[in-house]
Structures are given as C-alpha cells and as structure tokens.
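The values are calculated or read from the model by the stated rules, or taken from the named source; none is laboratory data. Model, not experiment: these values are computed from the prediction. Please note: Cβ atoms are built from the backbone with ideal geometry, for glycine as well, and neighbour counts cover all protein chains shown. When the accessible area is computed, the model is the full protein with side chains, heavy atoms only, and any ligands, DNA or RNA have been set aside. Shrake-Rupley method; radii C 1.70, N 1.55, O 1.52, S 1.80 Å.
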Amino acid sequence: MLLLAGVLPSAALACPGLEVKGAWVREPPPASPGTAAFMSLHNAGASALTITGWRSPQFGTTMLHATLSSGGQTKMRGHAQLSMAPGEGIVLAPGGLHVMLMKPTGTLHEGEPVSLELSCGPQTTSFEMPVRREAPAAP
Amino acid sequence: MQTPSPRLQANAGIALIAFVALSAGALFAVLREQQRPAIPALIWPNPPTLGAFSLSMAGGKMLTQDSLKGHWTFLFFGFTHCPDVCPNTLAVLKQTALRLSEDPTYRAQGQVVFVSVDPARDQPAALAQYVQYFDPNFLAATGPETALAGLTAPLGVIHARVPMTGEDYSVDHTAAIFLIDPKLRLLGVLSLPHEAAKLSTAFRDISAFGTQNP
C-alpha cells in the first residue's frame, strides 16, 4: 500500500523532475460512468516541465479538466496541457483541476489501485493511486 | 375666532399621540418584515415559492411539490456523468446530514433531493442507485425538459449541454444547493464551495428563522 502513495520514477524514462504526491481516485458511485483523480504535482527539476498527456489502462477516456465556477454556474473544460516552471507546483483537487476518468474497463472499489501515466513529450511517468470513497483530510 | 376648549385640545392631543404610535408601530412592523437578518444565504424578504412540478423517480414514483411539502429540503441539480462537482457535493451533503442527525428539525423534516438535468442519459432507476450510494435516504428524480422547467425555472437554475470528444458531452449547470422550507418557500441559496460545516450552520440558522417567520 505504501507504494500507492507516491510516484515510482522509473529512472531515465520518467518526466524529469516531476514529483507526484497524495494521488487518489474517487470511488465511482454505481451507475456513474466515470470519476476523477486528484493529486499534487511539483516540478523539482531545473527546467520547465509540461505534461502533455494523461492515460490510464483502466479507463477509455482520460483527460485533464478544470471545474470552473462563476455566478453560481459550474462547468468543466478540458486542458490540453499543464506547464510548471522549475520549483512550481500545481494541485489537482475537488472543485478545481482534476483528471477526468471516463468509461472504466471494469468496476473499481475503495482501496484498489488505478494506474496513471503522465507524458511530458516523449517521456512518461507511471504510478498507481488508491481508490478512495472520501477525500483525504487536508494536510 | 373661538379658542378650542381644553377638552377638545386634549382629545386632539390623544388622537395625535395615538396616530404617531400607530404609525410608528406600522413602520416598525414593515421594517421588521423587510430587514434582512444577518444569515448568510438567506433569501428574505419575499422568498419565491415553488409551484407545481412533476418528475420521475425510480419504481414509477413521482417527485412533485407534495413530496417537498412538510419537509426541509436540500435540493441539488447535476448529472451522473459529472466526475467532480456532483459526487463531491453529494458526499458533502451526506456529511451535512450526519452533522444534522441530532438537529430536531432535520431529524423530523430534513431530506436531500438530487435532480438530474441530463434526462437523456440518466434513467430514474440508475439515478436512485447513484444517490443511494451516498445515503440510502437521498431521493433522485429527473424528467423531460418541459417537466424539469417546472422546478428549474422558479429557482433560476440553468443547464446547457457542452460537446466534448466524439459524441460525449458535459452539462454546465447551476451548482448552488437550494434550501426549500416545508411551505415550499425558497429560503436559502447556498453557493460553492460546498462544505458540511457551512451547510449545517446555514440549515440551523435558516430553519430557525423560517419557523419563526411562517
């Protein structure tokens, strides 16, 4: 389970400097065709880092989305990519940025792992996140 | 020119005092009626009242204005293909219901209703499964556009399909939670971000105020 908590950089092929913390996936309610993943990303490298793709073998569609709210209205919009300057971090949290995971290939229950691949150009960082029924308490 | 008798003067004085007192009383009553108490999210004075509406629930049951009469209802609009705001809000409403489980008004009259604004993809039976995952007591309903309008129009709820990849679409929608009183008055509009502590405090304050101002 400890391995689920953080990123497992697979050496040279991983996105340089990318750190992923506290990643989790909301357990999809029955009859829901999808869910979302949340995490903190940090660029610990010396160069700017741009995440260009998101993929999970357990879902047919994986996209970075932002929930935008104004004047009582809420809407979801896709984000093509995510850039971080050296030392910069971005938080994906409920009500804001999230990785939308739609069309699951199977059922998902609390505690089970979900694999996610983040690409930054030709490189890829892969890791696993636990499914949680409720959001973890704020740190 | 005759000077008015002392008795007439006294009567006039009494009448004036009575007039001033009555006017002040009436003015005070009007001010009291119109003064908006310092309760966040309270809709007062002149809260809108819901009219007739009819939506479908699982098992062929209907959700109508009568389903809300006699209850304090948290009402939220969304859709099951919504990966972030809707499950998050329903999880927060579950925590809110837990926090209010000792509140006498909520225990006796509280309920949570989720209305899908995506009737093309959300069938009533699946909707019921969806909300009961969060709390077996939650209700869910939907209906064709004309039926939805019976509830969304008086509340000012807006929803619109937005194309995504392929044939997929998302639905922009009003994400406020509405608090309806047992007489169908819209007494609270709770806006994002939704938190259980904020919602339960709003419920206690608004339900106490509504009970005192029938």
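A few remarks follow.
- The requirement of being touching a strand residue (DSSP E or B) at 6+ places or on another chain (Cβ under 9 Å), open to solvent by 70 Å² or more (accessible area, probe 1.4 Å) and within 11 Å of chain A (Cβ to nearest Cβ) is fulfilled somewhere in the stretch B:132-153, by at least one residue.
- Only one entry of B:THR96, B:THR105 meets the criterion of being at negative phi, out of contact with any Asp or Glu (no Cβ under 6 Å at 6 or more places or on another chain), away from chain A (no Cβ under 14 Å) and of a type in the set (Ser, Thr, Tyr), and that entry is B:THR105.
- Scanning the stretch B:159-190 for residues that are surrounded by 15 or more Cβ atoms within 10 Å (Cβ to Cβ) and of a type in the set (Ser, Thr, Tyr) turns up B:TYR169, B:SER170, B:THR174.
- Strands (runs of 3 or more DSSP E) completely within the stretch B:33-120 that count 1 or more residues being buried (at least 18 other Cβ atoms within 10 Å of the Cβ), more than 19 Å from the chain's Cα centre (by Cα) and of a type in the set (S, T, N, Q): B:54-56
- For B:PHE209: the one exception among (1) crowded, with 19+ Cβ neighbours inside 10 Å; (2) touching a residue at least 60 places away in the same chain (Cβ under 8 Å): (1)
- The set of residues in the stretch B:172-204 being closer than 24 Å to B:HIS81 by Cα and in contact with a Lys or Arg (Cβ under 6 Å, 6 or more places away or on another chain) consists of B:ASP172, B:ALA196.
- Scan the stretch A:101-116 for residues that are more than 14 Å from chain B (Cβ to nearest Cβ) and open to solvent by less than 20 Å² (accessible area, probe 1.4 Å) and the total you get is 1.
- Test: residue in the stretch B:57-74 that is touching a residue at least 60 places away in the same chain (Cβ under 8 Å), away from every other protein chain (no Cβ under 14 Å), within 25 Å of A:MET76 (Cα to Cα) and among the aromatic types (Phe, Trp, Tyr): yes
- For the stretch A:79-100, the condition holds for no residue, the condition being that it is closer than 15 Å to A:LYS21 by Cβ, without any contact (Cβ under 8 Å) to a residue 24 or more places away in the chain and either open to solvent by 30 Å² or more (accessible area, probe 1.4 Å) or acidic (Asp, Glu) (or both).
- Candidates A:THR52, A:THR74, filtered to the one that is open to solvent by 50 Å² or more (accessible area, probe 1.4 Å) and either under 26 Å from B:ALA126 (Cβ atoms) or in contact with a Ser or Thr (Cβ under 9 Å, 6 or more places away or on another chain) (or both): A:THR52
- Some residue of the stretch B:46-54 being free of Cβ contacts under 8 Å to residues at least 40 places away in the same chain and either in the same structural domain as B:LEU190 (by TED's automatic domain parsing) or out of contact with any Asp or Glu (no Cβ under 9 Å at 6 or more places or on another chain) (or both): yes
- The residue of the stretch A:1-30 that is farthest from the other protein chains (Cβ to nearest Cβ), among those that are modelled with pLDDT of 85 or more and open to solvent by 20 Å² or more (accessible area, probe 1.4 Å), is A:PRO16.
- A search for C-beta distances below 8 Å between a residue of the stretch A:24-48 that is assigned to a loop (DSSP other than H, G, I, E, B) and any residue that is of a type in the set (Phe, Trp, Tyr) and modelled with pLDDT of 95 or more, counting only pairs 6+ apart in sequence or on different chains, returns A:PRO29/B:TYR130; A:PRO29/B:TYR133; A:PRO29/B:PHE134; A:PRO30/B:TYR130; A:PRO30/B:TYR133; A:ALA31/B:TYR130; A:SER32/B:TYR130.
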